[in-house]
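Trainee: A single structure is presented below for examination.
The values are calculated or read from the model by the stated rules, or taken from the named source; none is laboratory data. What you see is a predicted model, and the numbers here were worked out from it, not measured in a lab. As a convention, Cβ positions derive from the backbone with ideal geometry for all residues, glycine included, and neighbour counts pool all protein chains shown.
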Amino acid sequence: MNELNAHYGLLLGLNDSWEVVEVNVDPEGQQVEILLSHRRGKLTCPECQQACPQADLATERVWRHLDLMQFETRIRARVPRCDCQRCGVKTTAVPWAEKHSRFTLLFEALAIKVLAACSSVKRAAELLKLDWDTVHGIMSRAVERGLQKRSVEEVKQVGMDEKSFLSGHSYVSVLTDLDESRVLEVATRRIEESATGLWKALPQSQRKPIKAIAMDMWPAFIQAAERMVPKADIVFDKFHVSKHFKEAVDTVRRQEQKRLLREEVDSLTGTRQLWPYAPRNLSEGQQARFEKVKRSDLKTAKAWAIKENFRVFWTYHNTYGARQFFKKWFCWAACCQLEPIKKVAKMIHRHLENLLTYCRHKITNAVSEGLNSRVQSTKSAARGFRQFANYRTRILFYCGKLDLTPRFSTHEVSKRTTMVVVEAYSTGWKLQGKTTRTSPPTLSPGRAAFGHRFGWP
């Protein structure tokens, strides 16, 4: 084994089964080609993991590796095929790449970091000097790899929400982990079958510990959750209720504003932006104006008071107190003779049980809405998506908090590899078993610096 081959063998982290037999450098094409050869011996079946003899060698394959300085580096090898009595003839796994991949594990790890830093696949492809489809394939494999690693983690509180996909009323359903602020799964459309598919994507071991689910009052989400996780509490998002209240108050304001204008009264003119916000978020001038108008006998002021009074409901920590408060509040809202407010009050009354669960869990869909903002940024950077599969992959890659990097089983400096490199780089200094030379020979400055990285004398 010459020094150059030993050097590249160390950099590739090869195990005892492989060796570097040739290194070709093309200065004009700026390419380095490393030829590997398998040492004959017992092989391991990639499916049943049983030891078996070698059948033959597969056709030569090429893998893209990390660039060496400005030179593009490629690995060439003929992978042995094993003759397994149980599975038949199978191509064995190589330590530097995954099955069916045309890139080494180290290159894919670099590509994943580049993708995470770039705003789009197109920009990452330009940096990696690859085409769009190839880089997207690396991203897809990374996502599938991350989902397999995530299957053993525990989830206790989740949220369900929808996100726009194509133009018009086209949506996808998103399942999020509220505790870890990450997307768990994405399904096309927002029907009951889609919501059920979200739950089926989680193994039973993950669905069982779930305690609470935050969602809006969409029937498809409710029915799927009740069937798939019957023991979990459904918690309707309080911000969804607040949205209905704001729309109801604004409807009352617009109706009353039309009536007042016919009577040539401008009490509500210019107050549209005052009612939706809390008084503390208004300027001093707006606060003075709002303080005057909210104390008037206008119907809008009455609707606003009913809305604001319901805020107390969310402060209770026990369902008994919250239920007693709601009974009194509902009597007031139901008799207010303001149809938009009465409509919201009846809606809350129908879904009261799943609003009372907020007293126990205190969760909302705020995390899901925050993730929706990140999804929208990703969607804008990609200039939209035409295929749902690509949209799902992008969401899980950037918002799933997955462990995307491949596992490096042999890309470490093992004791055996270190001994080989010491033997190659130190003339006359050989390690055989436990017999070692007590004093190493004098090394050149370059070799000494190389060995110092690994703690050699």
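Trainee: Considering only residues that are among the basic types (Lys, Arg) and either surrounded by 15 or more Cβ atoms within 10 Å (Cβ to Cβ) or closer than 20 Å to His349 by Cβ (or both), which ones fall in the stretch 208-261?
Mentor: Answer for the stretch 208-261, where residues must be among the basic types (Lys, Arg) and either surrounded by 15 or more Cβ atoms within 10 Å (Cβ to Cβ) or closer than 20 Å to His349 by Cβ (or both): Lys211, Lys238, Lys243, Lys246, Arg253.
Trainee: In addition: Just to be sure, is Val174 crowded, with 20+ Cβ neighbours inside 10 Å, among the β-branched types (Val, Ile, Thr) and farther than 23 Å from Thr357 by Cα?
Mentor: No, not satisfied.
Trainee: Tell me which residues, restricted to the stretch 99-115, are touching a residue at least 12 places away in the same chain (Cβ under 8 Å) and either more than 16 Å from Leu66 (Cβ to Cβ) or not in a loop (DSSP other than H, G, I, E, B) (or both).
Mentor: Answer for the stretch 99-115, where residues must be touching a residue at least 12 places away in the same chain (Cβ under 8 Å) and either more than 16 Å from Leu66 (Cβ to Cβ) or not in a loop (DSSP other than H, G, I, E, B) (or both): Lys99, Phe103, Leu105, Leu106, Phe107, Glu108, Ala109, Leu110, Ala111, Ile112, Val114, Leu115.
Trainee: Starting from the stretch 137-151, keep only residues that are closer than 18 Å to Leu115 by Cα and in contact (Cβ under 8 Å) with a residue 60 or more places away in the chain, then list their pairs with residues that are surrounded by 17 or more Cβ atoms within 10 Å (Cβ to Cβ) and among the small types (Gly, Ala, Ser) whose Cβ atoms are within a distance under 7 Å, requiring at least 6 positions of separation or different chains.
Mentor: Gly146/Gly400
Trainee: Is it the case that Thr269 is within 17 Å of Lys238 (Cα to Cα), surrounded by fewer than 19 Cβ atoms within 10 Å (Cβ to Cβ) and β-branched (Val, Ile, Thr)?
Mentor: No: the conditions fail for Thr269.
Trainee: Starting from residues that are surrounded by 10 or more Cβ atoms within 10 Å (Cβ to Cβ) and modelled with pLDDT of 80 or more, keep the ones in the stretch 272-285 and report whichever is nearest to the chain's Cα centre (by Cα).
Mentor: Applying the filter and picking the extreme gives Pro276.
Trainee: Same structure again: Could you list all residues from the stretch 193-216 that are of a type outside the set (Gly, Ala, Ser) and more than 24 Å from Leu356 (Cβ to Cβ)?
Mentor: Glu193, Thr196, Leu198, Lys200, Leu202, Pro203, Gln204, Gln206
Trainee: Quick check on the stretch 74-118: of everything there that is basic (Lys, Arg) and over 32 Å from the mean Cα position of the chain (by Cα), which residue is farthest from Ile34 (Cα to Cα)?
Mentor: Ranking the qualifying residues of the stretch 74-118, first place goes to Arg86.
Trainee: Right, another one. For Ala187, are the conditions met, namely being assigned to a strand (DSSP E or B), buried (at least 21 other Cβ atoms within 10 Å of the Cβ) and at negative phi?
Mentor: Against the criterion (assigned to a strand (DSSP E or B), buried (at least 21 other Cβ atoms within 10 Å of the Cβ) and at negative phi), Ala187 qualifies.
Trainee: Find the strands (runs of 3 or more DSSP E) located wholly in the stretch 1-79 whose residues include 3 or more that are in contact with a helix residue (DSSP H, G or I) (Cβ under 7 Å, 6 or more places away or on another chain) and touching a residue at least 24 places away in the same chain (Cβ under 8 Å), and list them.
Mentor: In the stretch 1-79, the matching strands (runs of 3 or more DSSP E) lie at 61-68.
Trainee: Is it the case that some residue within the stretch 395-405 is over 28 Å from Ser181 (Cα atoms), in contact with an Asp or Glu (Cβ under 9 Å, 6 or more places away or on another chain) and modelled with pLDDT of 85 or more?
Mentor: Scanning the stretch 395-405, I find no residue that is over 28 Å from Ser181 (Cα atoms), in contact with an Asp or Glu (Cβ under 9 Å, 6 or more places away or on another chain) and modelled with pLDDT of 85 or more, so the answer is no.
Trainee: Let me ask something else. Before we move on, is Thr393 more than 20 Å from the chain's Cα centre (by Cα), among the polar types (S, T, N, Q) and not assigned by TED's automatic domain parsing to the domain that holds Ala232?
Mentor: no
Trainee: While we're looking at this one, here's another question. Based on this model, can you work out whether Phe71 counts as of a type in the set (Phe, Trp, Tyr), under 34 Å from the mean Cα position of the chain (by Cα) and closer than 30 Å to Thr378 by Cα?
Mentor: So Phe71 does not fit the description; no.
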